[in-house]
Each structure stands twice: as structure tokens, then as C-alpha cells.
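In what follows, a single structure is set out as C-alpha cells and then discussed.
The values are calculated or read from the model by the stated rules, or taken from the named source; none is laboratory data. Everything numeric in this text was worked out from a predicted model, so none of it was measured. Please note: Cβ atoms are built from the backbone with ideal geometry, for glycine as well, and neighbour counts cover all protein chains shown. Remember, those area values only see protein heavy atoms, side chains included, never the ligands or the DNA or RNA. Shrake-Rupley method; radii C 1.70, N 1.55, O 1.52, S 1.80 Å.
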Amino acid sequence: MSDVLHHVESLGAATELIAGPSLAMPFYSTETDDRTDEARTLVDALRRADGVVIGSPGYHGGVSGLLKNALDYVEDLRADDRPYLDGRAVGLIASAAGEQAAMTTLGMLRNITHALRGVPTPYGCVFNSADRSAERINDTANKLKLLGDQVFTIAEALSALRD
């Protein structure tokens, strides 16, 4: 994930990484407006973002529960001028110990992105974490660069349309 962020920074974007423990939030609920600092940080970062990169391990053919819960907090953007992920370029990364699980996870990420009105990049990164070959490791940087290029380019185009 940080490789993508470093690449888009080199193109001129400001980035923020929210991962791991920062995503450990209480189960999302519409019945309360009480939010943890982590939840407020996530929602505020998404509110400011023109582009987003979302990555998930594949757990039993789907996204991790931790990530899905974090994405449920996007509901807090429902009343914004740009609700949910509307008008934001979204790059997607899925990894799993096998191609099938990685692909179904990527498909789920695309469905979630569409449901949240985001614009998924044409290219989505899929990694088979069981493949430790030098070829796969060398190809990783190229895949992440392509994803970063698409997020940056699409985010700029969508931003220009809003101006």
C-alpha cells in the first residue's frame, strides 16, 4: 500500500495512510453519532480525498471484517455535498493465498465501491500471497505503479469536472 502512496506523492498528490490498528473501530451503527478518534480520522480523510486506494486480504472469498466495518463508516458522508465516495477515484488491491480468493475479493471491493458511488480504476491489483517467486515480487512494483497512475489521473479528471 505504501508503494502506491509513495508513487502518487511523486506525481504531486498529498497522501494519508490509514491501516491496521487505525481501522480497529467499534461496529458501525447509525443509531449513534458518537465516534472514536479513529472513525473521525477516517471519515475526515475520505471527505478531503479526491482519490482513495483500498486494499484487503481475501478471507474466505471476501474482504476482511475489519475493512468492511471501516467502509461502513463511509455512511457518515451521506449528507455531504459529495456523499459517500461520489466522484472519487478508487484503486483496489486484493491479496489472498490463491487466485480465486483474490479475484472474488477484488470483485467484492468493486461492488462496494460502486455501491458507495466511487469510480473504480479500470485496473485492480490482485496478488497471490502464496506465490513467492522472484517474478511475482518484481512485478508487484509495476502493478502498484499502474494502479497509482490510474487513481491520480482519474482523480485529477474528476476534480476538473467539479471545478
Qualifying position, being assigned to a loop (DSSP other than H, G, I, E, B) and within 14 Å of the chain's Cα centre (by Cα), among D3, D33, D86: D86
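Does at least one position in segment 50-65 carry a residue that is assigned to a loop (DSSP other than H, G, I, E, B), of a type in the set (S, T, N, Q), free of Cβ contacts under 8 Å to residues at least 60 places away in the same chain and surrounded by fewer than 19 Cβ atoms within 10 Å (Cβ to Cβ)?
First pass over segment 50-65, keeping only residues assigned to a loop (DSSP other than H, G, I, E, B): 50, 58, 60-61, 63-64.
Okay, now just the ones that are also of a type in the set (S, T, N, Q), so 64.
Within this subset, residues satisfying the condition of being free of Cβ contacts under 8 Å to residues at least 60 places away in the same chain are 64.
Cutting the leftovers down to surrounded by fewer than 19 Cβ atoms within 10 Å (Cβ to Cβ) gives us 64.
Yes, segment 50-65 contains a residue that is assigned to a loop (DSSP other than H, G, I, E, B), of a type in the set (S, T, N, Q), free of Cβ contacts under 8 Å to residues at least 60 places away in the same chain and surrounded by fewer than 19 Cβ atoms within 10 Å (Cβ to Cβ).
So, L71, is that one under 30 Å from A141 (Cβ atoms) and either open to solvent by 40 Å² or more (accessible area, probe 1.4 Å) or out of contact with any His (no Cβ under 8 Å at 6 or more places or on another chain) (or both) or not? Show your work before the answer.
Numbers: under 30 Å from A141 (Cβ atoms): yes; either open to solvent by 40 Å² or more (accessible area, probe 1.4 Å) or out of contact with any His (no Cβ under 8 Å at 6 or more places or on another chain) (or both): yes.
Answer is yes for this residue.
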Starting from segment 138-163, take each residue that is under 18 Å from L106 (Cα atoms) and list its partners that are open to solvent by less than 40 Å² (accessible area, probe 1.4 Å) and assigned to a helix (DSSP H, G or I), counting only C-beta distances under 6 angstrom and pairs at least six apart or across chains. L144/V4; K145/H7; L147/V4; G148/V4; G148/H7; G148/V8
State the number of residues belonging to segment 36-49 that are β-branched (V, I, T), assigned to a helix (DSSP H, G or I) and open to solvent by 20 Å² or more (accessible area, probe 1.4 Å). 1
Filter segment 120-135 down to the residues that are more than 29 Å from A89 (Cβ to Cβ) and under 23 Å from the mean Cα position of the chain (by Cα) and list them by number. A130
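Run down E9, E16 and say which single residue is free of Cβ contacts under 8 Å to residues at least 60 places away in the same chain, of a type in the set (D, E), surrounded by fewer than 19 Cβ atoms within 10 Å (Cβ to Cβ) and outside any helix (DSSP H, G or I). Please lay out each step first, then the result.
On the way: E9 fails: outside any helix (DSSP H, G or I).
Step by step, each of E9, E16 is checked, and only E16 is free of Cβ contacts under 8 Å to residues at least 60 places away in the same chain, of a type in the set (D, E), surrounded by fewer than 19 Cβ atoms within 10 Å (Cβ to Cβ) and outside any helix (DSSP H, G or I).
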Quick check: is even one residue across segment 148-160 touching a strand residue (DSSP E or B) at 6+ places or on another chain (Cβ under 9 Å), closer than 20 Å to S56 by Cβ and either assigned to a loop (DSSP other than H, G, I, E, B) or open to solvent by 70 Å² or more (accessible area, probe 1.4 Å) (or both)? no
Over segment 74-83, the set of residues open to solvent by less than 20 Å² (accessible area, probe 1.4 Å) and either at pLDDT below 95 or part of a loop (DSSP other than H, G, I, E, B) (or both) is P83
